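Asker: This structure is in structure tokens; I'll ask about it shortly.
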Amino acid sequence: MFQTLEWTNEGVVMIDQRKLPAEELYPIFTTYQEVAQAIKDMVVRGAPAIGVAAAMGVALGAKHIETGNAQEFERQFGEICATLASTRPTAVNLFWAIERMKRVFQQHFQQGDLQKVKRALEAEAVQMHEEDVDLNRRMGSFGAGLIGDNQRVLTHCNAGALATAGYGTALGVIRAAVEQGKKIQVFADETRPFLQGARLTAWELQKDQIPVTVITDNMAGYFMQQGKIDCVVVGADRIAANGDVANKIGTYSVAVLAKENNIPFYVAAPISTLDLSLPSGDHIPIEQRPSREVTHIQQSAIAPEGVEVANPAFDVTPNRYVTAIITERGVARLPYLESLRQLAGAEREDAPGLG
Ligand code: MRU
């Protein structure tokens, strides 16, 4: 198997997802600025993986603070958190993870031992990594019950081990169904423009010997109409209080097609992906990415130079298209305002990325 990301004494080691499937490289990122750049450039991507990478970046940055002056230490810590928070705007797990690191900082900083603060931050980041794998397995066991034997499951983007600390959310549900002995055939949308489906989902499912067929994004409707898809399972980057789901661009089209064809549309995401501070998906910030991702495939231009390009990285699927949301605490169904609040625990409803 492979490790998506790992904390080491020298820095954060991450599989370079830009290079897959052609090359399996594990560069090391030795400063928090390098980790922030890696998140921006999508060396590491996928909401939960971004969260864990940011937590590791915060721990790494704090570890390298040289001053013994508490006020200056606090100032530099704030700068580290702000740099990591400015990398990608949509996945709320990023902000959830940084907030969690800030809370650990506050708990230990009061006591005045700066070395202890550094050690506590490192321990927290490592714990977040471990927790993420565990909760994906729990999510998998809840979700696997929704998938029948011999089903054909469509997924969009990559919500697998590569998008998390391990096992995956949407692909975790599929893995858990396979572990229960079910025969599953996965259809993976290639997911233009970054090709997470063709490059990453296909790569990791092949490694696990789970049958996968790659299709281009515009083929999903055809296969649904032909009766070749039994359900859809995708991940999420942010889920609003009413159950509107932000996920990789193209997810909304898949959800509409699924409804038109009476196919269940499931979203698998940890509680840390909920943002109950937002009443609906209209408030979710949508990242706009560089035009080069659309005009080029690797070094080759596929559009005329200078052409106008739009590249929103995510879209919002309204809750009415979502059959169920699978979390590590159970499965939520409409009305999501109530079911999500119940799962998250109402007492922390003002925090971004409840958990
Ligand atoms: O731009 P990306 O590759 O970070 O987008 C990833 C997705 O949209 C995933 O579906 C989502 O983060 C869930 S990952 C478990």
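Asker: Just for region 284-326: of the residues that are within 25 Å of the chain's Cα centre (by Cα) and among the charged types (D, E, K, R), which one is most open to solvent (accessible area, probe 1.4 Å)?
Answerer: Arg320
Asker: I would also like to ask the following. Name every residue in region 31-56 that is touching a residue at least 60 places away in the same chain (Cβ under 8 Å), farther than 14 Å from Ile15 by Cβ and within 15 Å of the ligand (Cβ to nearest atom), in order of residue number.
Answerer: Ala47, Pro48, Gly51
Asker: Continuing with the same structure: Tally the residues that are touching a helix residue (DSSP H, G or I) at 6+ places or on another chain (Cβ under 7 Å) and within 18 Å of Glu34 (Cβ to Cβ), restricting the search to region 61-76.
Answerer: Selection size over region 61-76: 4.
Asker: Restricting to region 158-200, name every residue that is charged (D, E, K, R), open to solvent by 30 Å² or more (accessible area, probe 1.4 Å) and within 19 Å of Met224 (Cβ to Cβ).
Answerer: Within region 158-200, Glu190, Arg192 meet the criteria.
Asker: I would also like to ask the following. Could you tell me whether Gln226 is within 22 Å of Arg175 (Cβ to Cβ), without any contact (Cβ under 8 Å) to a residue 24 or more places away in the chain and over 17 Å from the mean Cα position of the chain (by Cα)?
Answerer: When the stated conditions are applied, Gln226 does not pass them.
Asker: Of all residues in region 327-340, which are away from the ligand (no atom under 16 Å from the Cβ) and open to solvent by less than 70 Å² (accessible area, probe 1.4 Å)?
Answerer: Gly330, Val331, Ala332, Tyr336, Ser339, Leu340, listed by residue number.
Asker: Next question. Could you identify the single residue in Gln111, Gln127 that is open to solvent by 60 Å² or more (accessible area, probe 1.4 Å) and at pLDDT below 95?
Answerer: So the residue among Gln111, Gln127 that is open to solvent by 60 Å² or more (accessible area, probe 1.4 Å) and at pLDDT below 95 is Gln111.
Asker: Looking for something within 30 Å of Thr8 (Cβ to Cβ), more than 11 Å from the ligand (Cβ to nearest atom) and hydrophobic (A, V, I, L, M, F, W, C) - is there at least one such residue anywhere in region 140-156?
Answerer: no
Asker: Now a separate question. Check Val331, Val309, Val267, Val256 and return the single one that is among the aliphatic types (A, V, I, L, M) and assigned to a loop (DSSP other than H, G, I, E, B).
Answerer: Checking each option against the conditions leaves just Val309.
Asker: Lys207: within 23 Å of Val12 (Cβ to Cβ), over 17 Å from the mean Cα position of the chain (by Cα), open to solvent by 10 Å² or more (accessible area, probe 1.4 Å) and not aromatic (Phe, Trp, Tyr), yes or no?
Answerer: yes
Asker: Moving on to the next point. Which residues, counting only those in region 54-96, are touching an Asp or Glu at 6+ places or on another chain (Cβ under 8 Å), open to solvent by 40 Å² or more (accessible area, probe 1.4 Å) and within 28 Å of Lys248 (Cα to Cα)?
Answerer: If the condition is that a residue be touching an Asp or Glu at 6+ places or on another chain (Cβ under 8 Å), open to solvent by 40 Å² or more (accessible area, probe 1.4 Å) and within 28 Å of Lys248 (Cα to Cα), then Pro89 is the only one that fits.
Asker: Still on this structure, I have one more. Among the residues in region 90-100, are any free of Cβ contacts under 8 Å to residues at least 40 places away in the same chain and touching a Gly at 6+ places or on another chain (Cβ under 7 Å)?
Answerer: no
Asker: Return the total of residues in region 247-283 being open to solvent by less than 10 Å² (accessible area, probe 1.4 Å) and among the aliphatic types (A, V, I, L, M).
Answerer: Selection size over region 247-283: 8.
Asker: Since Val294 meets every condition but one in (1) modelled with pLDDT of 95 or more; (2) in contact with an Asp or Glu (Cβ under 8 Å, 6 or more places away or on another chain), which condition does it not meet?
Answerer: (2)
Asker: Given the structure, is Thr201 part of a helix (DSSP H, G or I) and either away from the ligand (no atom under 16 Å from the Cβ) or of a type outside the set (Phe, Trp, Tyr) (or both)?
Answerer: yes
Asker: Does Arg103 satisfy being more than 18 Å from the chain's Cα centre (by Cα), open to solvent by 10 Å² or more (accessible area, probe 1.4 Å) and under 24 Å from Thr216 (Cβ atoms)?
Answerer: Spelling it out, it is not the case that Arg103 is more than 18 Å from the chain's Cα centre (by Cα), open to solvent by 10 Å² or more (accessible area, probe 1.4 Å) and under 24 Å from Thr216 (Cβ atoms).
Asker: Take the residues in region 231-290 that are charged (D, E, K, R) and within 15 Å of the ligand (Cβ to nearest atom), then tell me which one is farthest from Ser86 (Cα to Cα).
Answerer: This residue is Asp244.
The values are calculated or read from the model by the stated rules, or taken from the named source; none is laboratory data. Not measured: the values here are computed from a predicted model. All Cβ positions, glycine included, derive from the backbone under ideal geometry; neighbour counts span all protein chains shown. Surface accessibility is based on the protein's heavy atoms, side chains included, excluding ligands, DNA and RNA. Shrake-Rupley method; radii C 1.70, N 1.55, O 1.52, S 1.80 Å.
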